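Below is one structure; the comments refer to it alone.
The values are calculated or read from the model by the stated rules, or taken from the named source; none is laboratory data. Predicted model only: the values in this text are computed from it and were never measured. So basically every Cβ, Gly included, is an ideal-geometry build from the backbone, and we count neighbours across all protein chains shown. These accessible areas exclude ligands, DNA and RNA; they are computed on the full protein's heavy atoms, side chains included. Shrake-Rupley method; radii C 1.70, N 1.55, O 1.52, S 1.80 Å.
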Amino acid sequence: MKAHRPLRIALRSVNVAAAFAFAFAVGLVPAAFAQTADIWPSKTITYVVPFTPGGSTDVIGRTISQKLTDALHQPVIVDNKPGAAGAIGAGFVAKSKPDGYTLFGGTISTHAINASLYKNLSYDPVKDFEPITLVATLPNVLIVSPTLGVNTVAELIALLKRDPTKRIFASSGAGTSAHLAGEMMADLIGVPLTHIPYKGTPPALIDVSTGQVPFMFDQLTAAKSLADAGKLKIIAVTTPKRVAIAPTLPTMMESGIANFQMSSWQAVYAPKGTPKAIVQRLNTEIVKILNMPYVKEKLGTTLGMEIVASTPEELAAHMAKEIPRWAELVKKSGASAN
């Protein structure tokens, strides 16, 4: 009888395995044993935009969410959580459950600049997030109020040097690329400037258009419609080369400020720990969306964004270069959000 014991044990193991397979098939096995990607998504997904409605991050978020709803057959809704250069929204997502039902519209601010600008940041841009894709790069532009009476960078600099009351600039928030662009300008022209942070791009643009604040930097996508309507003046672009959407617009370097170059960027993230299968599915679907002719026309041709649509690994590598780069500028400029 002892000689048959291994056979009985083996048969018992086969029976247990068969029973487990049956239980799994009929849904009796706990969810922890299931393949997460196979049952995801089964409910509404929230796409957190850390800025007010109307800005570039919001436009990207709503465009992706609309198409992602179709691709995943579940609603994807945008939730705006503005403040602190995106840090409020980023902190919220960093603490969210990593189950694939919370996405984040990250930017150069939330995932590069804030790391050095804020002494007590509520999240870690690397440790608290799963990179999904680098969506696009965007040109920033120098925007002046029509009431200021200047048409070129040289004229603005001359005004700032002779009139201390005009040494004020707005931005969409402390720590944004728009904020750092102003700090860079102050450093390169040797004129101290006072920064006024807003909770988003639209209210800042309104105050510049009415002359409440003399000038600001922001993304071309946000300012173009107001400029076309004559409510703002765009006098230079911060990229190394001129951009196709506004080929007559000179660069800051062409306008006389040597070494001034800056490009903003937008990306999509999920909370750290989100299953890799879900991250990969999201990357696949969002990359498809970004390559749709309608989306490429809207974000690229119309709004001037340069579509990237990267892999998660490429976004992580991009951040690894950007974080120390901006830390150096923050240290040099003395900029702080605390």
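Mind listing whichever residues of the stretch 130-173 are within 30 Å of Val279 (Cβ to Cβ) and either of a type outside the set (Asp, Glu) or in a loop (DSSP other than H, G, I, E, B) (or both)? Even if it seems obvious, please write down each step before you answer.
Kept after step one, since they are within 30 Å of Val279 (Cβ to Cβ), are these residues of the stretch 130-173: 130-140, 172-173.
Hits for the stretch 130-173 are Pro131, Ile132, Thr133, Leu134, Val135, Ala136, Thr137, Leu138, Pro139, Asn140, Ser172, Gly173.
Do you know which residues across the stretch 280-304 are among the hydrophobic types (A, V, I, L, M, F, W, C) and open to solvent by less than 30 Å² (accessible area, probe 1.4 Å)?
Going through the stretch 280-304, the residues among the hydrophobic types (A, V, I, L, M, F, W, C) turn out to be 282, 286-287, 289-290, 292, 295, 299, 303.
Result: Leu282, Ile286, Ile289, Leu290, Val295, Leu299.
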Residues satisfying the stated conditions in the stretch 45-75, i.e. over 19 Å from Asn291 (Cα atoms) and open to solvent by less than 40 Å² (accessible area, probe 1.4 Å): Ile45, Thr46, Tyr47, Val48, Val49, Pro50, Phe51, Thr52, Gly55
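Taking the stretch 131-148 only, how many residues are open to solvent by 20 Å² or more (accessible area, probe 1.4 Å) and in contact with a helix residue (DSSP H, G or I) (Cβ under 8 Å, 6 or more places away or on another chain)? Write out each step before concluding.
Quick first cut of the stretch 131-148, residues open to solvent by 20 Å² or more (accessible area, probe 1.4 Å) only: 131, 137, 146-148.
Filter again for in contact with a helix residue (DSSP H, G or I) (Cβ under 8 Å, 6 or more places away or on another chain), leaving 131, 146, 148.
Adding up the residues that qualify gives 3.
Can you tell me how many residues within the stretch 213-247 are charged (D, E, K, R), part of a loop (DSSP other than H, G, I, E, B) and free of Cβ contacts under 8 Å to residues at least 60 places away in the same chain?
Of the residues in the stretch 213-247, the ones charged (D, E, K, R) are 218, 224, 228, 231, 233, 241-242.
Filter again for part of a loop (DSSP other than H, G, I, E, B), leaving 231, 241-242.
After this cut, where a residue has to be free of Cβ contacts under 8 Å to residues at least 60 places away in the same chain as well, the list is 241-242.
Looking only at that region, the number is 2.
Provide a single number: the residues in the stretch 268-279 that are open to solvent by 20 Å² or more (accessible area, probe 1.4 Å) and either over 23 Å from Gly89 (Cα atoms) or not in a helix (DSSP H, G or I) (or both). Before you say what the answer is, go through the steps one by one.
From the stretch 268-279, those open to solvent by 20 Å² or more (accessible area, probe 1.4 Å) are 272-273, 275-277; that's our starting set.
Within this subset, residues satisfying the condition of being either over 23 Å from Gly89 (Cα atoms) or not in a helix (DSSP H, G or I) (or both) are 272-273, 275, 277.
Total satisfying the criteria: 4.
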Matching entry among Ala154, Ala115 (being open to solvent by 40 Å² or more (accessible area, probe 1.4 Å) and modelled with pLDDT under 95): Ala115
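Can you confirm whether Ser255 is touching a residue at least 40 places away in the same chain (Cβ under 8 Å), over 27 Å from Gly91 (Cβ atoms) and open to solvent by 10 Å² or more (accessible area, probe 1.4 Å)? Break it down into steps so the answer makes sense when it comes.
Numbers: touching a residue at least 40 places away in the same chain (Cβ under 8 Å): yes; over 27 Å from Gly91 (Cβ atoms): yes; open to solvent by 10 Å² or more (accessible area, probe 1.4 Å): yes.
So Ser255 fits the description; yes.
Mind listing just one residue for me: the one in the stretch 196-212 that is outside any helix (DSSP H, G or I) and surrounded by 22 or more Cβ atoms within 10 Å (Cβ to Cβ) and, of those, modelled with the highest pLDDT?
Filtering the stretch 196-212 down to residues outside any helix (DSSP H, G or I) leaves 196-200, 210-212.
Restricting the remaining residues to those that are surrounded by 22 or more Cβ atoms within 10 Å (Cβ to Cβ) gives 198, 200.
Details: Tyr198: 89, Gly200: 81.
Restricting to residues being outside any helix (DSSP H, G or I) and surrounded by 22 or more Cβ atoms within 10 Å (Cβ to Cβ), the top hit is Tyr198.
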Residue in the stretch 121-129 that is assigned to a loop (DSSP other than H, G, I, E, B), open to solvent by less than 40 Å² (accessible area, probe 1.4 Å) and touching a His at 6+ places or on another chain (Cβ under 9 Å) present: yes
Among (1) farther than 23 Å from Thr302 by Cα; (2) among the aliphatic types (A, V, I, L, M); (3) open to solvent by 50 Å² or more (accessible area, probe 1.4 Å), the one test that Ala229 misses: (1)
Exclusive hit being touching a residue at least 24 places away in the same chain (Cβ under 8 Å), of a type outside the set (S, T, N, Q) and farther than 23 Å from Ser109 by Cα, set Val287, Val308, Val268, Val295: Val295
Single residue of Lys161, Lys166 found to be at pLDDT 95 or above, touching a helix residue (DSSP H, G or I) at 6+ places or on another chain (Cβ under 7 Å), more than 30 Å from Asn283 (Cβ to Cβ) and open to solvent by 40 Å² or more (accessible area, probe 1.4 Å): Lys166
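Could you list, in sequence order, all residues of the stretch 304-338 that are among the charged types (D, E, K, R) and not in a helix (DSSP H, G or I)? Walk me through how you get there before you give the answer.
In the first step, residues of the stretch 304-338 are kept if they are among the charged types (D, E, K, R); the result is 306, 313-314, 321-322, 325, 328, 331-332.
Selection gives Glu306 alone.
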